[in-house]
Amino acid sequence: MLYNGHERRQTGADADGVDTVNLKKILTFAGIALLLFFLIAEPQQAAQLVQNILNSLRTAAEALITFVRQLF
């Protein structure tokens with residue numbers, strides 16, 4: 001199919017040739033919109049959530065380091 005002089009592949013065409021909507025793209029945009037809404041509406045809770053996530057990652061990394069040190 002030609003589109004503006006360039007060939008265009010139809011990846012998800014229906015029987016009548018209409019392209020289907022990319023669900024992954026919609027969910028990604030919805031997730032970003034929800035995140036932005038949360039950051040704007042509750043900035044203190046959003047900051048606390050980020051701190052909790054970072055502390056959990058730090059604790060997991062320290063546990064992994066301890067495990068590897070015990071192996072050697």
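Kindly evaluate Gly17 against the criterion of being of a type outside the set (A, V, I, L, M, F, W, C), open to solvent by less than 80 Å² (accessible area, probe 1.4 Å) and at pLDDT 90 or above. So Gly17 fails the test.
Within the range 1-9, does at least one residue satisfy the condition of being at pLDDT below 90 and aliphatic (A, V, I, L, M)? Before you say what the answer is, go through the steps one by one.
Within the range 1-9, the first condition is being at pLDDT below 90, and the residues that meet it are 1-9.
Then keep just the ones that are aliphatic (A, V, I, L, M); that gives 1-2.
Yes: the range 1-9 contains one or more residues that are at pLDDT below 90 and aliphatic (A, V, I, L, M).
The values are calculated or read from the model by the stated rules, or taken from the named source; none is laboratory data. Just so it is clear, the model here is predicted, and its values are computed rather than measured. To get the accessible areas, we keep the full protein, side chains included, count just its heavy atoms, and leave off ligands, DNA and RNA. Shrake-Rupley method; radii C 1.70, N 1.55, O 1.52, S 1.80 Å.
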